[in-house]
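Below is one structure, written out as structure tokens, with a few remarks after it.
The values are calculated or read from the model by the stated rules, or taken from the named source; none is laboratory data. On a predicted model such as this, the values are computed, not experimentally measured, just so you know. A quick note on method: Cβ atoms are made from the backbone with ideal geometry, for glycine too, and the neighbour counts reach across all protein chains shown.
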């Protein structure tokens, strides 16, 4: 018999899980790139990897305190954004797409290779960098919460920091998109030449947007690795595609879209995988094995991306008039 | 494909001996133990009787026994690496070795082939073995030695070998790249699902050639026809309706990404995550041209690529429909105005592009070697790099770009470690965009 309570409680846990917060942050960064500026960044996984490795390597290899490790990650992603942006921001949108996807793969391969094993831990990755963050935890140790949301002090600490970051950055994004800077950015998305005719330096604005969204991605990468280990295989291009799915689901040019989109995405995905896995266990789907049940979610995400883009390109929260897609 | 500076010619013989027997407490006390029995030796006994005091700092040990034709080999270097830990040792007069490691984890155990005597090589499997502890604190690692020659080649010959390999790889990339480039040229779509068209050809050959045991030539034919049919049906069911709806190019590109993700995991769903071999993929390399050794598969692969690429060139330059294709690629509205059936041209391009991608997938499966669900995705970025390098939308640019990318990757393995070889090609892609964004054969036009 199927254990519905376990399925629902697992799905409910995803609502406030740190992974959901990390994806929301990364999607928010992508909203700045893609939704507001019209930049096709397919390298968000690379920015996240820089955050994760920047943080972990600074702590493990150089013994930096938490704040310095965070700054190292942010610094790395600013440099990365500059390297990506300088050759491609003057070119057509699809060039940026190809370059960002290639650059993110380069980063992943460099983190995976045995050559830098001492620093990156190659394919097995890094762990043991959590103590500094745990020491900052003001919550006395113990177990708190109710129902499915019962965690220990460290788990609550990750969730509080993660979601505070989401709320603060969402507010900042909302404010800057209402500012003159935000209007120029949206103008670039709608008609680059018109903005250029008004005397704005489009190239520089695009670069600022790329850096800002990239820093969001970097912070997301740090939140992402706090409850787990740093493993290079997590930063494949499909991570970027998942974040795109979240962004498109919520609405590309919205603030709430990426955040709520991430919650919906993870709750539904957890519910779906939980249900299929248990249905297979109960023998309801005799043609499927447990492993195959795990792969179904990727098929589902792929199909969902296609359907959303075709039938509801503005997403759940988007405004049809503010279509995020450049011509 | 390996980055080693020497090429090992392996002559496996029937009498390959399984070497390296677990060095355990039991063998020390004179009882010959089979590895299966030795696994059960309790940790207590083992730790009491460790003979070398240096090992006492560690709790877990890799051990082995290196012999060749029942003669122990002394002074063979063994290294253990993993989890940030590294250690090495040499076999003693009895050919035995033991290395202690700090954690019960997976490690890579490497036998340094340069320290083996003349005429002996690791004959079966790799000189590096990934090994993990079972229930006990000792783990036997066996290397299978055999008679063989290790021919060390000079740098000129190595470059020649890489160039030939690179040419082979570049030609198969070109098959995929031309299809991608033609589709981009005629429809403006950056088709990320092209990777799955590549995988499809290899998977179909696997299905018909191995699972259904159809003769290989027929299986290849069926695989190519099915690939072309897949191209036709993708155009008919997805891309043509979307073009009719007037969906923009960037939404189309994202649809292709979603499609790629969905199809790729359908492959994994149906075929599983393992790598399987096509018929004839393991035939020995017995053609010698100077320092270069190739198998018949390599030769056939290159000849096929060249013939097919020649046919595509003839099609594009000499036939009516090929000229129409180039016209649509140049300016679709103008082509439509002069009476060309644009939809028909696009359909033909899809069929041709998918067929070429399927062929490329089959050749890639022999080159790697092996068929797996994500094999196309592994080279997708290289195909994109080739297309961008040659100039987006130009068929011959894609050919030139692909050969440059293939050669560059193979030659760069002389300096780069093999797990980094794609990095060089992707860096070149970014550099080309910096200095010559229109590509090598692309027209200089405003693309910003």
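Here are the numbers for the structure shown:
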{"item": "Set B:304, B:293: member being touching a helix residue (DSSP H, G or I) at 6+ places or on another chain (Cβ under 9 Å) and within 21 Å of residue B:352 (Cβ to Cβ)", "result": "B:304"}
{"item": "Of the criteria (1) at pLDDT 75 or above; (2) away from chain A (no Cβ under 14 Å); (3) not in a loop (DSSP other than H, G, I, E, B), which one residue B:44 fails", "result": "(1)"}
{"item": "Helices (runs of 4 or more DSSP H) enclosed by region A:71-187 - at least 3 residues per element that are within 14 Å of chain B (Cβ to nearest Cβ)", "result": "A:93-112, A:117-120"}
{"item": "Residue check for residue B:393: within 14 Å of chain A (Cβ to nearest Cβ), touching a residue at least 24 places away in the same chain (Cβ under 8 Å), crowded, with 24+ Cβ neighbours inside 10 Å and in contact with a helix residue (DSSP H, G or I) (Cβ under 8 Å, 6 or more places away or on another chain)", "result": "no"}
{"item": "Residue in region B:431-445 that is nearest to the other protein chains (Cβ to nearest Cβ), counting only those that are surrounded by 20 or more Cβ atoms within 10 Å (Cβ to Cβ) and assigned to a helix (DSSP H, G or I)", "result": "B:433"}
{"item": "Residue that is at pLDDT 90 or above, surrounded by 13 or more Cβ atoms within 10 Å (Cβ to Cβ) and within 26 Å of residue A:252 (Cα to Cα), where the choices are A:66, A:78, A:70", "result": "A:78"}
{"item": "Count of region B:334-357 residues which are in a helix (DSSP H, G or I) and either over 41 Å from the mean Cα position of the chain (by Cα) or not assigned by TED's automatic domain parsing to the domain that holds residue B:393 (or both)", "result": "3"}
{"item": "Subset of region B:94-108 [under 24 Å from residue B:68 (Cα atoms) and either out of contact with any strand residue (DSSP E or B) (no Cβ under 7 Å at 6 or more places or on another chain) or within 14 Å of chain A (Cβ to nearest Cβ) (or both)]", "result": "B:108"}
{"item": "Subset of region B:270-294 [closer than 24 Å to residue B:155 by Cα and outside any loop (DSSP other than H, G, I, E, B)]", "result": "B:287, B:288, B:289, B:292, B:293, B:294"}
{"item": "Options B:264, B:243: the member that is surrounded by 23 or more Cβ atoms within 10 Å (Cβ to Cβ), within 14 Å of chain A (Cβ to nearest Cβ) and either assigned to a helix (DSSP H, G or I) or at pLDDT below 95 (or both)", "result": "B:264"}
{"item": "Answer from B:424, B:401 - the residue that is buried (at least 22 other Cβ atoms within 10 Å of the Cβ), more than 9 Å from chain A (Cβ to nearest Cβ) and under 28 Å from residue B:157 (Cβ atoms)", "result": "B:401"}
{"item": "Those residues of region B:405-417 which are more than 9 Å from chain A (Cβ to nearest Cβ), farther than 21 Å from residue B:183 by Cβ and in contact (Cβ under 8 Å) with a residue 40 or more places away in the chain, in sequence order", "result": "B:407, B:408, B:409, B:410, B:411, B:413, B:414"}
